[in-house]
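The values are calculated or read from the model by the stated rules, or taken from the named source; none is laboratory data. Everything quoted here is computed from the prediction, not taken from an experiment. We place every Cβ from the backbone using ideal geometry, glycine too, and count neighbours over all the protein chains shown.
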């Protein structure tokens, strides 16, 4: 049952399960908003048609809670492309803050109450330039009392058309002015000290000149910032130079007075400017840094650098922890093996500053230290022919050995995509001209023949008892039967286990064809990852099939141990990227006793898996450890790595433990 708000609700209600309370768009990575200011983001908007509303700004993750009839609402925050594209708005209702998504033609927006004219502007008695201007106004604030319809809309191909606004004057009454979108804005005075590493400046505050060359370029410059002009198309910032007032499209790096002391236990470098691309003026030993000013380089995306203006007895310059030796490092790495043809040596970790343009080829190195950067990448300090520097390993190829763990297994995963497969309105899945499945009670069912081809299994059957056999060249196989909820798994042709399925395979329309499997059974038997996109903004509903493949090396299985426990360990390099909606089969590593009663869970020991750190490129390193109790004498064991029921590695061996004393 949907909720009725004080806002006028439309008569047609849409069911919705309330998953959460009102939310801020900052909680959603794909919804970047700004607060309503009456200029860049309107404070009110009017719906011209029925408008669904949501608890969170994501139509693909939830259904509407209800629908508002045409009316005017108050805006709290919104995305910034409302005048020309689909846009999320956070509005206030008596049931809390809610979200609506609008197209430009579905709304009307009032003009701002006040704007600032940045240049001398002609006045007209009517919204037409056919008549002569009645007067003109010098730069000043004016009161807006009306506007032409869709005064905020861009027009193809002109992103910055002119629109008519009606303003009030004290001596001529109401008059009309004709302005570009980037001239409709407000001006705010400022008095800031700002730094620009590099800025293309303009002589005009208006954004319509971005199609023209800039009027000049300044690099590594501190300026006195005097104002901001904020229009529908964005902001420009004024600053003073010896050649007069100039305008920049970015605010620069604001410099703030700040008296503080930073204690360094590692050597550090001072730069001439708060920019990594400026010269290093001094390199100093550990000690206290006397800070007098600070600034931040933050692009809102990849870069966030804190800079400190330091004045010491030894030197003066700018210090940034982003371009210095890390204060806290670890000493847990015995060696790294580089396979890449060229690895760059950096002066500082997580920076783009090379160390004397040093490069090294494939080799094994013993790092001096290791450090994890805030962005999740791992860096290693090495001693090289150009001095001590920092390198990254290539997560998809290079190897790590921890201290005291020289016999570790090296397990590396990779994601292999089988593809995206679509169904039509009738629920029929197709691949090319072939029908490969259908919806049954709203759930995808896929042909086992199609799945065998996608996952590279050889399919045979049915046998005399109706069983279909699937065999992979790696050694794993399984059998299924239409209507039978138990499947059989095999390794190298030998029966391993009988497993229960979430649902029995559905018979095909032709009894001579293999049965159909649901996505849960696809994940279980093929070790697959699946996505079912049944809510799409554009295009057809579809499934995505993929698998996680593992490369295993260095699994040293001892023939004898000194004590009564077998300790095995390894490092797993796991690709952790996952598309939204992905469901994956679980990966397990087990050691079993081969002399145990069949299916005895007490004689199967599962590895503990713990995340250590990230390497970058969505690859994390996990510590894998196994602790298996042994009996005196010979212990017949089997180690097994599975994804779902799919066996990706299996080896039998015997380990001898000393006799009891």
Test: residue 502 is surrounded by fewer than 13 Cβ atoms within 10 Å (Cβ to Cβ), in the same structural domain as residue 477 (by TED's automatic domain parsing) and within 25 Å of residue 640 (Cβ to Cβ): yes
Residues within segment 527-537 that are assigned to a loop (DSSP other than H, G, I, E, B) and crowded, with 17+ Cβ neighbours inside 10 Å, tallied: 1
Filtered residues of segment 175-194 (kept if within 22 Å of residue 129 (Cα to Cα) and either free of Cβ contacts under 8 Å to residues at least 40 places away in the same chain or in a strand (DSSP E or B) (or both)): 175, 176, 177, 178, 179, 180, 185
If only one of 319, 348 is farther than 21 Å from residue 377 by Cβ and in contact with a strand residue (DSSP E or B) (Cβ under 7 Å, 6 or more places away or on another chain), which one is it? 319
Can you tell me which residue in segment 439-451 is surrounded by the fewest Cβ atoms within 10 Å (Cβ to Cβ), limited to those that are without any contact (Cβ under 8 Å) to a residue 60 or more places away in the chain and closer than 20 Å to residue 419 by Cα? 439
All positions within segment 196-211 that are surrounded by 21 or more Cβ atoms within 10 Å (Cβ to Cβ) and either at pLDDT 90 or above or closer than 20 Å to residue 243 by Cβ (or both): 196, 199, 201, 205, 206
Which residues, counting only those in segment 246-276, are over 34 Å from the mean Cα position of the chain (by Cα) and surrounded by 14 or more Cβ atoms within 10 Å (Cβ to Cβ)? 246, 272
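This table checks each residue for (1) more than 19 Å from residue 573 (Cβ to Cβ); (2) touching a residue at least 60 places away in the same chain (Cβ under 8 Å); (3) in the same structural domain as residue 278 (by TED's automatic domain parsing); (4) surrounded by 16 or more Cβ atoms within 10 Å (Cβ to Cβ).
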residue: 355; (1), (2), (3), (4): yes, no, no, yes
residue: 366; (1), (2), (3), (4): yes, no, no, no
residue: 371; (1), (2), (3), (4): no, no, no, yes
residue: 375; (1), (2), (3), (4): no, yes, no, no
residue: 385; (1), (2), (3), (4): yes, no, no, no
residue: 390; (1), (2), (3), (4): yes, no, no, yes
Among the listed residues 153, 98, which satisfies the condition of being closer than 22 Å to residue 75 by Cα and in a strand (DSSP E or B)? 98
Pairs please, first residue from segment 637-661 and at positive phi, second anywhere and crowded, with 21+ Cβ neighbours inside 10 Å, Cβ atoms under 7 Å, 6+ apart in sequence or on different chains. 644/523; 644/524; 644/525; 644/527; 644/585
Those residues of segment 119-137 that are touching a strand residue (DSSP E or B) at 6+ places or on another chain (Cβ under 6 Å) and either part of a loop (DSSP other than H, G, I, E, B) or more than 30 Å from residue 48 (Cβ to Cβ) (or both) come to a total of 10
Residues (under 31 Å from the mean Cα position of the chain (by Cα) and closer than 15 Å to residue 93 by Cβ) located in segment 43-56: 51, 52, 53, 54, 55, 56
Where residue 501 falls short, out of the listed (1) on the phi > 0 side of the Ramachandran plot; (2) touching a helix residue (DSSP H, G or I) at 6+ places or on another chain (Cβ under 7 Å): (1)
Run down 142, 100, 75, 109 and say which single residue is within 16 Å of residue 164 (Cα to Cα), without any contact (Cβ under 8 Å) to a residue 60 or more places away in the chain and surrounded by 17 or more Cβ atoms within 10 Å (Cβ to Cβ). 142
Set 10, 36: member being touching a strand residue (DSSP E or B) at 6+ places or on another chain (Cβ under 6 Å) and either farther than 25 Å from residue 535 by Cα or modelled with pLDDT of 95 or more (or both): 36
Wholly within segment 424-526, strands (runs of 3 or more DSSP E) carrying at least 2 residues that are closer than 24 Å to residue 652 by Cβ: 468-471, 476-480, 486-491, 494-500
